[in-house]
Amino acid sequence: MIIQWINRKIGRQLMASFYIVLTTLMISSLVVYTYTDTKLQETRLKLEDIRERSARAGALWEEWQDLQFNMRGYALIGDQDIYQKMINQRKTIDEQTRWFEENAIYQQGKDYSRSSRELYAYYFEAILPLIQSYVEAKSSGTVTESFLEGKTLTSLPLGKELLANGQIKLDASGNIDVLSEINKSELALGGYRDFLEDWSEKTSRQLEQEIQTTQLIWLSNIIVLVGVLIFFVYPFIRKITAELLSLVKNSQRLAGGEDIKHVKVSGRKDEIGILALSFNQMASSISDNKQHLLAKNEELQAQQEELQAQQEELQAQQQELEEALELTMRNEQHLQYRNDLTETLAAREALTAYPEIIEKLIAITDSEIGALVFVDEGSAYSIVTHGMTEELSERLLGSDLSLLKRAESLKKAVHSSKQVASDHPLPYPYYMYETAVPIFDPASEEAIAFIYLVRYRDQFTNEQMRDIMSFSRQLSLSLLRMRLFDEMNREKTKTERILDSIREAVIYIEPGKDEVFVNRPLYDLFPELQYGAAKNETLQGCLNTIRAVVDEPEIFARYMEGILRGEVPKDSLQFSIHQQVVFIQFYVETIEVEGIRKGTMLVLRDVTKETEMDRLKSELVSTVSHELRTPLSSIYGFTELMLNRKMDLSKQDKYLKTIHSETERLSNLVNDFLDVQRMEARIQSYQKGLLNLQPLLEETTQFYAASTTNHTITFRSLTDACPLIEADEEKMKQLMNNLLNNAVKYSPFGGNIEVVLEADHHHVQFAVRDEGIGIPKSALAKLFDKFYRVDNSDSRKIGGTGLGLAICKEIVEGHDGEITVESVEKQGSTFTVKLPQSVQEYMVVPDGLDVSEK
C-alpha cells in the first residue's frame, strides 16, 4: 500500500529517494559515532588509570624519602613530634601499598607492591623499633654518642635480637644494611614506571589506530552514499526523464500526422502515467476520428475544403485561447506574488523580518540563493541571506571585485555569469548567473540597500528583471519607513530616559485624553502607584491613588479641578503625605507647539529636606536666642550693679567671677557656631601630631569629677601599653569635654559616669557611660545631625543648641574614626569613639608621662 501511495506522485518518489539517502547517511553516521565514542572512552579510562598509578607510585616513593629523613632526625634529636609524624607516615605508606596490592593488574604492578610491602616490613618492624630503642637508651644515658653509629644499634639488646632472628642484616663494614632494601624498592619503582610509560605509549598508538579506522569508516560511508546516489537516485531521475522525452517525441509525431497507437510508460500510476493515459486516449480518439473521416471522405469530398478551412480556423482560435489563458494565469500569479510582497513589506516594522521577503523574491524569480544587503552608517554592511554560505557572504561584502561593489560604484543594476568548478551546491561544474540591483533613497539618490540574486540554470529574463526593479522601489519606501519608525522609537526612548533621570516626579496629560505619562521618580515618591499599575495608567486612577495618601485631600482636589478645567495656577501648592512624613511642592507647566497648547505637565517636587531645614532653622533661632540671652542678661545685670552701687570687695569678686563664667559660656557657644560653620564649609583644619589619649582622658575626667558633687566620675584603662594616634590635641580635648559635659548635663539626678580606655591591634577607643535619662530609639538615627535635639520633656528642661554631638562627629570623622551610641531610655547612654592607631609600634607609657606632640 505504501509503495502504491508513493508511486502515485513524482514528488513523493523524489522525497522517498531523499529519505532513503538521508536514512542511510544517518544510520551509518550513528554507527561510526557510537564506535568512535566507545573506543575513545575506553582509551581515556586507560590513560587516566595509567596517570593515577604513576602519580600514586611517585607519591609513595616521596613518602619513603620523607620517612628516611624523619628517621634520621628522630635518631639525632629524639623529638616525639617527629616520631608521631613517622607513625602517621606509616599509615599513609600502608594505605598506598595496600592500594597497589589490591589494584595490581600486571606482573610489574604486583612486583612493585610486593617490594614496597617488604620494605614496609623491614622499616616498621625492624628499623623503626631499633631506632626507638636507641633514642630511649640515649635519653636514659646508656648511650652518650653525639652521632649515630651503626655498631651501636647492633649492640643494643633489640638489635642483637633482630640480628639473631635475621630481621636485619649487616653490610661489609658491620653496619645495618638498609641501602640494599631501598635500592631494591627503587629498582622495582623504576621498572614499574617504565612499564607504565610503555603502557601509555601503547594505548596512545592504539588510539591513533582507532582514529585511522574511524576515518576509513567515514570514507566508506561517503562512498556508500555516493553509490546510493549513482545506482539509485540517478537511474530514477534518468528513467523519469526518458519517459517524459518519449511523451514529447510521440506528441511531436502525433502533431506531424503520424498514427500513434499506444505509448508505454511501464505501468506508472503517477503524473507521468496519467499524462500517458490521457495522451493514449487522445491519440486513440484522433485515430478513430481520422478513420471515420477517411470513411466519409468519398461522401464529403465536396465539403473537404470547407471543413479543412473551418478546422484550421478552430485550431487558430484554440491556440489563441490557450495563449490568452496562459498569459492570464501568468499575470494572475505575478500579481499574487506582488501582492504577497506588498503585504509583507507593509506588515513589517523591523529588519529582522526580511528573511521572509528575500525568500519570496527568490521564489518569484526562480533563483536558488539570494540576499538583501543593507548599507549602515559609516559605509558598513549588514546582510540578510537565504541559501548562502558564510564564505559566499563574506566574499560578497569584503571583496573589492564583487558584483556588489560594481553595482555600488556604477549606481545601476549589474549582471555576471561565470562557470564554477565546485562540488557545492551541485556535484558538477555549472554556470552561476548573478545580478545585483541597488535600492536608492529617493531624496539623496544614495544606495541604501542591494538585492543580490543567483541562478544556476539560465539567465534572468527581462520580465524578471522588471519585477526586481519594481520591487526595489517598493523596498526603498519600506526601508525609509522603517528607518523613520526606528528614529521615532529612539527619540521616544531618549525622552523617557531624560524624564526618568530628573529628580522631580512628572505627570503628563493631554486635553480630552484619560491616559497619562509618568516617570520613575513618581513611583519612588508614591510607591502605591506600582501596586495598581493597570488602573493607575489612567488619569483618574492615578489622581485617586495620590489623593488617598495626601494629608489634606480637599485642597489637593480643588487644585486639580482647576487644572483639569484648563486653568494654569500661577502659584504652586505645597502639601504633605503619609501624616507629614513627606512634603511635596506641586506646580504646573504647559506644553505648547506653535502657540497651540498640546498638553500639561504636573511636576511634584520632594521638599521634605527643605521643610525640615526650615523647621530646624526656626528652632535654632529660638534656641540661640535663649542661649545667648541668658549669659548676656547675667553679664548685663551684674555689670549694672557694680556700676550703680558701691559694694565691698568680696561681692565685687563674686560678681566678677560670675561675669567671667558667663562670658566663658558665651564664648564657648560662639565657638560652637563657628566650628559648625567651618565644618559645613569644609575649611576646618587639624594640627595633627603623635598623641597619647590616656593622660588627656585622665585630666578631663579629674576636672569634671572635681566640678560636680552629684556625680561619681571615674576613669579606667583596659590596656597597659598605650598606643599612639595621630590627632589634633585641642580637638581631642573639645571632643572629650563635649561628651563628658553631655554625660553630666543629661544625668540631672546624679549617678555614676565612667570613662573606659581600651585598644586592639589597629585602633584605640574610649567610651563615656552615664546613668542619665537616656535617648529614645526613635531619636538615635538623627542624634548627630546639626541642631537636632531630642523632643521629650526631660530634654526640654535641660536645654542646649543641638550642636555638641554634631561637632563631635565631625571631629571624629576628621581623624578617620567612628563614633557610635547605645542607649536605653531612663537607664543611661554609652558614647564610643574609635580612632585608628598611628603607624608607630605600641609604646609603653609610664604613668604620668605625656608623650603628645604638636
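We did not get these values from a lab; they are worked out from the coordinates using the rules stated. Not measured: the values here are computed from a predicted model. Methodologically, a virtual Cβ is constructed for each residue, glycine included, from the backbone with ideal geometry; neighbour enumeration extends over all protein chains shown.
Points worth noting:
- Length available on full extension from H660 to L628: 0.36 nm per residue minus the Cα-Cα distance, which gives 10.0 nm.
- Nitroxide proxy distance, nm - points 7 Å out along Cα→Cβ at E312 and Y531: 9.8 nm
- Pairwise FRET efficiency - R483 versus R565, Cβ, R0 = 30 Å, nearest 0.05: 0.10
- Linear extension gain, T24 paired with E594, 0.36 nm per residue minus alpha-carbon span: 197.8 nm
- Under 17 Å from a label point set 7 Å out along the Cα-to-Cβ vector of T712, the amide N atoms of the stretch 735-760 belong to 744, 747-756.
- Just so you know, the Rg over Rh for the chain is 1.22, from Cα atoms, with Rh as the Kirkwood radius.
- The calculated FRET efficiency for the pair V226 and L397, based on their C-beta separation and a Förster distance of 35 Å, comes to about 0.55.
- Bridges between two residues of the chain, per DSSP, are antiparallel at a rate of about 90%.
- Computed FRET value (nearest 0.05) for H415 with E305, which takes r as the C-beta separation and R₀ as 51 Å: 0.45
- When each of V821, V581, V135, V756 is scored by the number of other beta-carbon atoms lying within 10 Å, the sequence from fewest to most is V581, V821, V756, V135.
- Counting every other Cβ atom within 10 Å of each residue's Cβ, R565, R483, R789, R490 order from fewest to most as R565, R490, R483, R789.
- Arranged from fewest to most other beta-carbon atoms within 10 Å of their beta carbon, Y456, Y134 become Y456, Y134.
- Applying 0.36 nm per residue to the separation of E125 and T495 and subtracting their alpha-carbon distance, the gain on full extension is 124.4 nm.
- Net charge of Cβ neighbours under 14 Å - reference E592; Lys, Arg +1; Asp, Glu -1: -1
- Estimated translational D of the stretch 634-749 in µm²/s (Stokes, Kirkwood radius over Cα pairs; 10 °C; 1.306 mPa s): 91 µm²/s
- For I439, the residues whose amide H sits under 5 Å from its own are I448, A449, F450, I451, ignoring neighbours fewer than 5 places away on the same chain, with H placed 1.01 Å from N.
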